[in-house]
Amino acid sequence: MDERGKIAWLTRRAGFGLGPGDLDRLESQGVDAVLDDLVDPDGRGVAVAPDPWVGIDLSVDGQAAPAKKNRGEIPLAWIAAMASTPRPLEEWMRWFWHGHLVSTMRVVKSPALMVRQMQMFHDRGAGPFRDLLRAVTVDPAMLLYLDGNTNRKGAVNENYGREVLELFALGIGNFDESEVRVGAGAFTGFRVERKTGEARFDPRSHDDTPRRYLGVEGVHDVDTAIDAIVQHHACPAFVVGRLAKAILGEPTDPARLERLTTQFRDDGLVVRPTVRRLLEAGLDGAGVPLVWAPVPWFAAMVRATGAPIARISQPVGRQLQAAGQLPMDAPNVAGWPSGRAWLSSATTLARGAMAAIIADVAPMDGPALEAATAGDWTALADALGRPEGFTSPTQAALGAITASAQAGRTRLTVAMASPDMVVI
């Protein structure tokens with residue numbers, strides 16, 4: 001990759017693409033500066049991104065009427081933030097952890113608690129994994145989602161005790177059923193207060209019996225259990241593997257993963273340095289093509305075209321559901337699928353519909369629509385964050401669109417929905 005291609009790659013793998021004029025501006029800064037801005041925005045003086053949900057009614061059930069009317073607005077407000085944030089990696093990390101440490105609005109039923117969880121992912125997502133895992137374990141949305149709210153002494157619920165090992169921290173094959181039961185007992189005693197939405201610990205419903213857990217003696221509460229999990233030999237490799245899959249794609253060189261795992265362990269399981277190393281590896285050519293999932297693809301196309309989300313009146317949420325991905329609505333605790341699952345006919349049709357929605361409100365003076373109207377495929381690819389240009393099949397499809405008053409928007413629709421903008 002040349003300098004321009006590396007910058008485009010960074011913004012796709014550690015963010016949500018580029019806005020109009022961004023590629024030229026970032027190229028003048030250089031790849032190293034772009035990487036520094038992404039990974040260390042505080043140290044680089046990058047403007048703080050606003051909270052995506054400011055101004056939305058987030059009344060907690062019990063204090064006021066449930067904010068059901070805002071359940072559709074909340075995911076779209078998040079996508080709008082993805083498309084406009086000056087700190088894309090922070091938003092990308094929030095999205096990554098939401099797909100890994102999963103809760104859903106369908107089960108939690110409280111918009112306020114789901115947003116609080118997303119804010120926690122934002123605040124802790126690049127720090128020590130131990131702190132993140134501890135926070136999500138007692139997070140009110142997670143307590144409701146995986147039945148921690150009803151997990152008490154004498155009536156232990158094993159749902160979270162199982163998923164934290166299998167899906168969140170260790171992976172299948174690194175624990176047995178007895179450890180699920182011991183962990184579940186250590187997690188007993190937390191309740192979500194209906195009126196405040198806060199998690200409260202009740203010592204009377206907690207089983208404080210010390211037991212052996214994951215090879216560690218004396219585990220009896222949430223802190224000793226989390227310590228045992230993150231100290232387990234499988235934890236660093238599991239977390240690094242998930243991050244590597246999201247950033248570099250599959251397959252990833254086993255020797256590189258082993259080095260990254262060792263470094264992650266030496267860093268005290270702090271996430272930010274590992275993310276930087278993965279991005280540096282990608283810039284050196286370690287990345288392989290991956291399929292952009294519907295939500296980050298949609299946010300990137302909005303960003304690239306400069307389309308104002310406020311002007312989109314059509315039901316984007318319905319189209320995202322048809323594509324198989326709506327924020328805060330993962331199909332199950334394992335999260336969304338990845339890779340070729342996003343190339344299904346249903347997802348492809350929904351992408352086409354969403355591309356048309358975006359193209360319909362794209363500004364006439366935006367570089368993307370101007371290039372599409374002029375039939376300049378090189379400029380159009382560059383405007384969409386693909387400086388290497390379109391492949392021959394995409395160029396042929398664009399060239400087959402007859403000139404007309406709406407040709408520019410039609411061409412823009414086809415370009416955004418093309419495989420060139422889906423497989424990145």
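A few remarks follow.
Every residue, every condition in (1) over 24 Å from His98 (Cβ atoms); (2) without any contact (Cβ under 8 Å) to a residue 40 or more places away in the chain, yes or no:
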position	(1), (2)
Arg130	no, no
Pro140	no, no
Leu143	no, no
Asn151	no, yes
Ile172	no, yes
Gly189	yes, yes
Arg194	yes, no
Ser205	yes, no
Arg212	yes, yes
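- Restricted to helices (runs of 4 or more DSSP H) entirely inside segment 242-329, those with at least 2 residues that are among the aromatic types (Phe, Trp, Tyr) are 294-305.
- Residue check for Ala244: closer than 30 Å to Lys109 by Cα and among the small types (Gly, Ala, Ser): no
- Every pair of residues 6+ apart whose Cβ atoms lie under 8 Å, when the first sits in segment 354-371 and is over 15 Å from Phe298 (Cα atoms) and assigned to a loop (DSSP other than H, G, I, E, B) while the second is open to solvent by 60 Å² or more (accessible area, probe 1.4 Å) and modelled with pLDDT of 95 or more: Met364/Glu370; Gly366/Pro20
- Evaluated against (1) touching a residue at least 60 places away in the same chain (Cβ under 8 Å); (2) farther than 23 Å from Thr209 by Cα; (3) outside any loop (DSSP other than H, G, I, E, B), Glu163 falls short on exactly one condition, (2).
- Only a single item in (1) in contact with a Ser or Thr (Cβ under 7 Å, 6 or more places away or on another chain); (2) among the aliphatic types (A, V, I, L, M); (3) open to solvent by 60 Å² or more (accessible area, probe 1.4 Å) is not met by Ala405, and it is number (1).
- Members of segment 241-257 that are within 18 Å of Phe129 (Cβ to Cβ) and either within 18 Å of the chain's Cα centre (by Cα) or open to solvent by 70 Å² or more (accessible area, probe 1.4 Å) (or both): Gly241, Arg242, Leu243, Ala244, Lys245, Ala246, Ile247
- Selection from segment 170-186 of residues that are part of a helix (DSSP H, G or I) and either crowded, with 20+ Cβ neighbours inside 10 Å or touching a helix residue (DSSP H, G or I) at 6+ places or on another chain (Cβ under 6 Å) (or both): Glu179, Val180, Val182, Gly183, Ala184, Gly185, Ala186
- Meets criteria (assigned to a helix (DSSP H, G or I), more than 27 Å from Gly268 (Cα to Cα) and either open to solvent by less than 40 Å² (accessible area, probe 1.4 Å) or of a type outside the set (A, V, I, L, M) (or both)) for Asn157: no
- Residue match in segment 93-111 (condition: closer than 28 Å to Asp147 by Cβ, in contact with a strand residue (DSSP E or B) (Cβ under 7 Å, 6 or more places away or on another chain) and either part of a loop (DSSP other than H, G, I, E, B) or free of Cβ contacts under 8 Å to residues at least 60 places away in the same chain (or both)): yes
- Top-ranked residue of segment 50-70 - restricted to ones that are open to solvent by less than 60 Å² (accessible area, probe 1.4 Å) and of a type in the set (Val, Ile, Thr), ranked as modelled with the lowest pLDDT: Val60
- Scan of segment 273-326 for residues that are farther than 23 Å from Pro363 by Cβ, surrounded by fewer than 17 Cβ atoms within 10 Å (Cβ to Cβ) and without any contact (Cβ under 8 Å) to a residue 24 or more places away in the chain, ordered by number: Pro273, Asp284, Arg318, Gln321
- Output for segment 242-272, where each listed residue is touching a Ser or Thr at 6+ places or on another chain (Cβ under 8 Å) and without any contact (Cβ under 8 Å) to a residue 60 or more places away in the chain: Ala244, Leu260, Gln263, Phe264, Asp267
- Residues satisfying the stated conditions in segment 372-421, i.e. in a helix (DSSP H, G or I), of a type in the set (Val, Ile, Thr) and over 20 Å from Pro289 (Cα atoms): Thr373, Thr378, Thr410, Thr413, Val414
- Listed by position, the helices (runs of 4 or more DSSP H) inside segment 1-49 whose residues that are of a type outside the set (Phe, Trp, Tyr) and surrounded by fewer than 16 Cβ atoms within 10 Å (Cβ to Cβ) number at least 3 are 22-29.
- Of all the listed residues (Glu90, Glu163), the sole one being at pLDDT 95 or above, more than 18 Å from the chain's Cα centre (by Cα) and of a type outside the set (A, V, I, L, M, F, W, C) is Glu163.
- Scanning segment 71-84 for residues that are modelled with pLDDT under 95 and either open to solvent by 40 Å² or more (accessible area, probe 1.4 Å) or β-branched (Val, Ile, Thr) (or both) yields Arg71, Gly72, Glu73, Ile74, Leu76.
- Filtered by the rule that a residue be more than 9 Å from Ala186 (Cβ to Cβ) and either aliphatic (A, V, I, L, M) or in contact with an Asp or Glu (Cβ under 6 Å, 6 or more places away or on another chain) (or both), segment 204-219 gives Leu214, Val216.
The values are calculated or read from the model by the stated rules, or taken from the named source; none is laboratory data. Just so it is clear, the structure is predicted and the values come from calculations on it, not from any experiment. Every residue, glycine as well, gets a Cβ built from its backbone with ideal geometry; the counts of neighbours run over all protein chains shown. Ligands, DNA and RNA are excluded from the accessible area calculation, which covers all protein heavy atoms including side chains. Shrake-Rupley method; radii C 1.70, N 1.55, O 1.52, S 1.80 Å.
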